[in-house]
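Worksheet for the structure shown next.
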Amino acid sequence: MYRWLVFLHVLCAFAFVMAHGVSVSVYFMLRNERNVERVKILLAISRASLNYAFISLVLILITGIITGIMGQWWGQWWIRVAVLLIFIIWGAMAGIGTRVMNELRIGLGMVSSYNQPPRAEMLSAEQMDALLKKINPALLTLVGFGAIAIWVYLMYFKPF
């Protein structure tokens with residue numbers, strides 16, 4: 001059973017990367033997009049993919065916790081650091097990326113990824129442009145890929 005749960009854990013990680021990769025692609029596209037309708041479509045695609053990313057992230061946590069218990073890994077620090085890193089990266093990504101995306105969503109008449117209702121007053125072209133210029137897909141990609149590299153290192157080498 002343990003090996004199957006590890007298999008499922010890794011499979012969920014791949015599902016997360018696939019689903020979240022859609023948002024990464026959208027970030028790179030939004031940086032240069034100024035057509036309001038195209039921005040709205042890209043934001044809708046990103047939001048839809050986040051539902052799948054969130055589900056797979058929850059499954060990663062559940063399978064990781066269960067396999068940690070079954071493998072008696074919780075006495076070692078590497079698994080604790082890996083779980084803590086999930087919440088640190090989640091917070092960093094929310095601050096770096098989700099905040100701007102949600103400002104765009106509610107400012108363009110859409111519901112945010114946190115189900116905040118749209119604003120009554122739409123963003124002007126200048127306001128939208130200013131928000132789009134705040135998007136830093138390279139930084140988000142570096143943070144996300146760096147976190148994945150650390151998780152793989154921790155799980156593979158179990159250094160402490």
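Can you put MET18, MET155 in order, fewest other beta carbons within 10 Å first? Show your work: numbers first, answer last.
Working: MET18 13, MET155 18.
In increasing order of surrounding Cβ atoms, one gets MET18, MET155.
Sorting the segments 100-108, 45-53 by their mean number of nearby beta carbons within 10 angstrom, highest to lowest, gives 100-108, 45-53.
The residue list TYR27, PHE7, VAL17 was ranked by how far each Cα lies along the charge dipole of segment 1-73 toward its positive end, using unit charges on Cβ atoms, and TYR27 comes out on top.
Sorting PHE87, PHE28 by the number of Cβ atoms found within 10 Å of their own Cβ, with the fewest placed first, yields PHE87, PHE28. The distance from the alpha carbon centre of segment 1-27 to that of segment 110-158 is 18 Å, rounded to a whole number. Estimated from helices alone, the mean residue ellipticity of the chain at 222 nm is -26000 deg cm²/dmol (sum of -39500 (n - 2.57) over DSSP H runs with n ≥ 4, per residue). Computed extension gain for ASN51 through ARG34, at 0.36 nm per residue and net of the alpha carbon distance, reaches 3.6 nm. I want to verify a result. In a Gaussian network model of the chain, Cα cutoff 10 Å, which of these has the top mean-square fluctuation: SER124, SER25, SER56? Comparing SER124, SER25, SER56 in the GNM, the peak value goes to SER124. Exposure proxy ranking for THR98, THR141, based on other Cβ atoms within 10 angstrom of each Cβ and starting from the fewest, stands as THR141, THR98. Taking every C-alpha pair closer than 8 Å and separated by at least 6 residues, the mean separation divided by the residue count of the chain gives a relative contact order of 28 percent. With the simple model of a label 7 Å out from the Cα in the direction of the Cβ, LEU11 to ALA130 spans 4.8 nm.
Taken together, the values in this text are just the output of simple stated rules run on the coordinates, not laboratory data. All figures in this text were calculated on a predicted structure; none of them were measured in a lab. Note that each Cβ is placed from the backbone with ideal geometry, even for glycine, and that neighbours are counted across all protein chains shown.
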